[in-house]
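Below: one structure, written as structure tokens.
Only the coordinates and a few stated rules stand behind these numbers; no lab work does. Worth saying up front: this structure is predicted, and the values here are computed from it rather than measured. No Cβ is skipped: glycine too gets one built from the backbone with ideal geometry, and neighbour counts run over all protein chains shown.
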Amino acid sequence: MVNVGFVLYRKGKEPGTLDATWCHPYFGDGVFGTGKATGGPAEAFEGRYQIRYFDHNGNELAGFELDIRKHGEYFELAWIDNGEVMDRGIGMEVAEGLAAGWRRVDDKPPQPFETIDPGLQP
């Protein structure tokens, strides 16, 4: 399974906050949960946040600094831990909020289709 996650950020009730809903094929088992970002700009998605992520039972899983930068019509995202970029993503604004995919920086690149499963080739 490809190690790629998906997140949808919505503007929170308080200015400068984002509410997240995310999913990831963690260890081959679908894992999903929520998140709460604080400390960002009052209006736009672009900015720097502190974010905490929780599993579907509300248990805290991780915390990062989240950097969101707009580039024309898309956004680049970075999840930072102790000054080191751990994950990178790309996203776009949709009606529901900011939708983005991400993957771990130190992951190996995905395998070509022919080495994964011949039955999955387009």
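Summary table
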| item | result |
| --- | --- |
| Base-10 log of normalised Debye intensity for region 5-120 (one unit scatterer per alpha-carbon) at q = 0.10, 0.12, 0.23 Å⁻¹ | -0.32, -0.45, -1.43 |
| Exposure proxy ranking, count of Cβ atoms within 10 Å, fewest first, for Asp106, Asp81, Asp87 | Asp106, Asp81, Asp87 |
| Length released on extending from Thr34 to His71, taking residue separation times 0.36 nm less the Cα-Cα span | 10.7 nm |
| Distance in nm between pseudo-label sites at Asn3 and Tyr26 (7 Å out along the Cβ direction from Cα) | 1.4 |
